[in-house]
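A short worksheet on the structure shown next.
The values are calculated or read from the model by the stated rules, or taken from the named source; none is laboratory data. Fair warning: this is a prediction, and the values are worked out from it, not measured in the lab. Note that each Cβ is placed from the backbone with ideal geometry, even for glycine, and that neighbours are counted across all protein chains shown. For the accessible areas, the whole protein counts, side chains as well, though only heavy atoms, and no ligand, DNA or RNA atoms are used. Shrake-Rupley method; radii C 1.70, N 1.55, O 1.52, S 1.80 Å.
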Amino acid sequence: MSYAVKEMFLTLQGEGAQTGRRAVFLRFAGCNLWSGREQDRAAAQCRFCDTDFVGTDGANGGRYEAEALARLAEELWGDAARPLVVATGGEPSLQLDVALIGALRARGFEVAIETNGTIAAPAGLDWICVSPKAGTQVVQRSGNELKLVWPQQGIDPDALLGWDFDHFLIQPMAGDDPESALRSSIRFVMDNPRWRLSLQTHKLLGLP
Ligand code: SF4
């Protein structure tokens, strides 16, 4: 199988419970909740996306077999200890499979995923981050962190607390009114201390 990759680069994980950790980001092309085209946004199931996941034209983008992709991840990582690859998108569960996870793990990588949870995550992952979207059927209800973009109409955060995650995170929506989303998120966490605030620190730091 070959994988359609939008881009792949070395950076710091900017969000969530692993914020600040060195990571190779592997952004797969395509998502099952939006085409990625602006003209389709209003009718999409997910309408607040801030990511370009269309095509394979980003840094190190292209179509790869598992071994070639794992080798590229290794080249990007270099000789440093504790290698980590974060599979994101788009929706990585459309493509990430046990063959690619195996190829990455054989090179010593921990493999993390950032998924919308509408497709069950493949076996063999070291870290699962689910970011549920209102109005969708989330089947992946266990993992390491649940990251809820906030505010989102049509989602009951209390109901999510019954799912099997170690960390529950609220992240301000990077939409038309980020100031208001930040204030709302801070208020939410102050009122609901089982949740922690997650910021998109890579944006604050000017990292990709
Ligand atoms: S599910 Fe994620 S990648 Fe897909 S459109 Fe929504 S925010 Fe973007």
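Computed on the range 1-40, the Cα convex hull volume stands at 124 Å³ per residue. For the chain, set up a Gaussian network in which alpha carbons nearer than 10 Å are linked by springs, and say which option among GLU38, GLU91, GLU110 fluctuates the most. Taking springs between Cα atoms under 10 Å, the residue moving most is GLU38. Based on C-alpha pairs under 8 angstrom that are at least 6 apart in sequence, the chain has a relative contact order of 19 percent. Taken along the Cα-to-beta-carbon direction at a fixed 7 Å, the label points for ARG63 and MET1 span 1.5 nm. In the context of the full set of protein chains, the chain has a per residue accessible area of 47 Å² (1.4 Å probe).
Each Cα pair of the range 38-107 feeds into the Kirkwood radius, which the Stokes-Einstein equation turns, at 37 °C and 0.692 mPa s, into a diffusion coefficient of 232 µm²/s. Max-minus-min Cα coordinates of the range 92-208 on each principal axis give 44, 35, 24 Å, with the largest extent listed first.
For the chain, give the percent of accessible area contributed by carbon and sulfur heavy atoms, probe 1.4 Å, rounded to a whole number. Display every interim value, and only then the final one.
On the way: 4970 of 9760 Å².
Accessible surface attributable to carbon and sulfur in the chain totals 51 percent.
Each Lys and Arg contributes +1 and each Asp and Glu -1, all at the Cβ; summed about the Cα centre of the chain, the dipole is approximately 180 debye. Cross-link reach is defined here as a Cα-Cα straight distance under 18 Å, omitting same-chain residues fewer than 8 places apart; for LYS147 the lysines meeting it are LYS133, LYS203. Calculate the FRET efficiency for ALA120 and SER184 from the Cβ-Cβ distance with a Förster distance of 30 Å, rounded to the nearest 0.05. In this case the efficiency is close to 0.45. Selection among PHE188, MET173, LEU76 by position relative to the dipole of the chain gives PHE188 as farthest towards the positive end (Cβ unit charges, Cα centre). Comparing mean-square fluctuations of VAL149, VAL24, VAL98 from a GNM of the chain with C-alpha springs under 10 Å, the top value falls on VAL98.
According to the Cα-based calculation, Rg over Rh for the chain is 0.95, with Rh computed by the Kirkwood formula. Summarising the amide proton neighbourhood of GLN171: residues at separation of 5 or more, or on other chains, whose placed amide H is nearer than 5 Å comprise LEU148, VAL149, TRP150, SER198. Just going by the charge dipole of the chain, with Lys and Arg at +1 and Asp and Glu at -1 on Cβ, which of VAL130, LEU197, GLY108 is farthest out on the positive end? It is LEU197, whose Cα lies furthest towards the positive end.
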